[in-house]
Amino acid sequence: LALLAFTATAALCRWRFGHVADRRGAAPAIAPLLLAGAAGLAVIGAGAASGLGAGGPVLVVAGMLVVGVAYGGLQNLTLVHAFTAAGEQARSSVSVAWNIGFDAGTGLGALVAGALATASSYTVAYTALAAATAFVGVCWAGARWGKEP
């Protein structure tokens, strides 16, 4: 159920965030989505903690819904932002580089999360992912501070 929640919301938001990029540009929504994703990852980590009873799976599904929104939205917005930053003449190269980067980042994140979960627990793994994602969100917001949207 959690994977279905993630996949469905990611697919829907990948499509819907195109409207956000069209109306306001891609860059302003990236930090909020990173921070929302961090919050969702933290909720998943909390849900994975033992001793929560029936509340644990509910938290995992809720967290996956939030992470799905963030992941799908970021897929759209980061690609649009990359296209805008590079310009029309570099569109093919940007597409290739973005796909490699996004997929490699997803894969490396999964590898690190799996290693952390194996060495300690899912709660530790998701907490570390949440912290890393929040850090990137804060860095993005800081880099954008005072710039035009």
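The values are calculated or read from the model by the stated rules, or taken from the named source; none is laboratory data. The structure displayed is predicted, hence computed values, not measured ones. Heads up, the Cβs are rebuilt from the backbone with ideal geometry, glycines too, and the neighbour counts pull from every protein chain shown. For the accessible areas, the whole protein counts, side chains as well, though only heavy atoms, and no ligand, DNA or RNA atoms are used. Shrake-Rupley method; radii C 1.70, N 1.55, O 1.52, S 1.80 Å.
Restricting the first residue to the range 87-104 and requiring it to be closer than 15 Å to LEU74 by Cα and polar (S, T, N, Q), which pairs with a second residue that is open to solvent by less than 60 Å² (accessible area, probe 1.4 Å) and in a helix (DSSP H, G or I) meet a Cβ separation below 9 Å and a spacing of at least six or different chains?
Pairs that qualify, where the first residue is closer than 15 Å to LEU74 by Cα and polar (S, T, N, Q) and the partner is open to solvent by less than 60 Å² (accessible area, probe 1.4 Å) and in a helix (DSSP H, G or I), are SER95/LEU79; SER95/ALA82; SER95/PHE83; ASN99/LEU79.
Checking the structure you have, find out if any residue of the range 46-65 is closer than 20 Å to ARG144 by Cβ, open to solvent by 60 Å² or more (accessible area, probe 1.4 Å) and either part of a helix (DSSP H, G or I) or at pLDDT 90 or above (or both). Explain how you work it out, then say what you get.
First pass over the range 46-65, keeping only residues closer than 20 Å to ARG144 by Cβ: none.
No, that holds for no residue.
Within the range 105-131, which residues are in contact (Cβ under 8 Å) with a residue 40 or more places away in the chain, assigned to a helix (DSSP H, G or I) and not aliphatic (A, V, I, L, M)? Break it down stepwise before answering.
Let us first name the residues in the range 105-131 that are in contact (Cβ under 8 Å) with a residue 40 or more places away in the chain, namely 121-127, 129-131.
Remaining after also requiring assigned to a helix (DSSP H, G or I): 122-127, 129-131.
Once the filter is applied, which keeps residues that are in contact (Cβ under 8 Å) with a residue 40 or more places away in the chain, assigned to a helix (DSSP H, G or I) and not aliphatic (A, V, I, L, M), the range 105-131 yields TYR122, THR123, TYR126, THR127.
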